[in-house]
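Below is one structure, written out as structure tokens; comments come after it.
The values are calculated or read from the model by the stated rules, or taken from the named source; none is laboratory data. As the structure is a computational prediction, the values presented were derived from the model and not from experiment. Cβ placement follows ideal geometry from the backbone for every residue including glycine, while neighbour counts extend to all protein chains displayed.
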């Protein structure tokens, strides 16, 4: 269990061939299979990008991002803008697509 001081949020926006290719569902499966303590959401944005908001410890969030970047989705990702921010408590109770 994480303490409030160790919680962070990863906000990431993926650009490239990331919509219509199962991106959200693949990330949902990655989180469910390998990162059960991560909470948050993933959604398609109107500009063709995909936004990820994930919460957990910094180490788990870095591993999640690294896992996405080497997954079957990697060839379609042209760039990713991301930031890690400390948070006092979780906003999300689970991880889900939006």
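Here are the numbers for this structure:
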item	result
Residue check for residue 29: closer than 12 Å to residue 97 by Cα, surrounded by fewer than 17 Cβ atoms within 10 Å (Cβ to Cβ), within 12 Å of the chain's Cα centre (by Cα) and modelled with pLDDT of 95 or more	yes
Residue among 98, 81, 90, 62 that alone is at pLDDT below 95 and either surrounded by fewer than 18 Cβ atoms within 10 Å (Cβ to Cβ) or more than 11 Å from the chain's Cα centre (by Cα) (or both)	98
